[in-house]
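The values are calculated or read from the model by the stated rules, or taken from the named source; none is laboratory data. Just so it is clear, the structure is predicted and the values come from calculations on it, not from any experiment. Here the Cβ is made from the backbone with ideal geometry for all residues, glycine too, and neighbour counts use every protein chain on show.
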Amino acid sequence: MDDLSAKKCVPCNTKDLRAMTEETASKLIPKVDGWNLANEGGTLKLKRSWKVKSFTKGLEMFQLISDIAEAEGHHPDLHLVGWNNVTVEIWTHAVGGLTENDFILAAKINTLDLHHLLRKKVSA
C-alpha cells in the first residue's frame, strides 16, 4: 500500500476529490524521491527537473512520460527550456492543488529508466 507506483489514479471528476493540505503533502513527498513541493500563488505542485543530453532526448523523455500520463488519465505540465532542461510540474488542475493522483504519477515517472537520456554529471 505504501508503493505509490503500484496504485492507479482516480478520475479527476470524482465528487469527493479535494486538494490536500500542505501538511499532508509534506508527509507524502519523501515517497517520491527527487520531487519537490512548490507553492505557486497558493497552489501546491510537485516539481522535478532534469538535464538531458540533447533537445531530441528531451522530446524522447516527454514521450515516455506521456505514455504513463495517458495510461493514468492524469497529465503533467511538461517544459523543455533551452535545449536540454526538462521540468515536470504535476498538480490536479480540477481541484487547484495536489491530490494523491499527483504523487502516484510522480512515483510512476520515477520508475522510468531515463539514464540514456540524461547528461552525465561533470566531476571537478
task: State yes or no: is L114 over 12 Å from the mean Cα position of the chain (by Cα) and either basic (K, R) or on the phi < 0 side of the Ramachandran plot (or both)?
output: yes
query: If you check D16 against the conditions, is it under 25 Å from D113 (Cα atoms), among the acidic types (D, E), out of contact with any Pro (no Cβ under 8 Å at 6 or more places or on another chain) and exposed (fewer than 14 other Cβ atoms within 10 Å of the Cβ)?
result: no
- request: Report, ordered by the first and then the second residue, all pairs with beta carbons closer than 9 Å, sequence separation of six or more or different chains, a first member in the stretch 79-101 that is among the charged types (D, E, K, R), and a second member that is assigned to a helix (DSSP H, G or I) and surrounded by 14 or more Cβ atoms within 10 Å (Cβ to Cβ).
  value: E100/L4; E100/L28
- line: With criteria (1) surrounded by 14 or more Cβ atoms within 10 Å (Cβ to Cβ); (2) without any contact (Cβ under 8 Å) to a residue 40 or more places away in the chain; (3) not in a helix (DSSP H, G or I), H74 comes up short on (2)
- prompt: From the list T56, T21, which one is modelled with pLDDT of 95 or more and either in contact with a Pro (Cβ under 6 Å, 6 or more places away or on another chain) or among the hydroxyl-bearing types (S, T, Y) (or both)?
  reply: T56
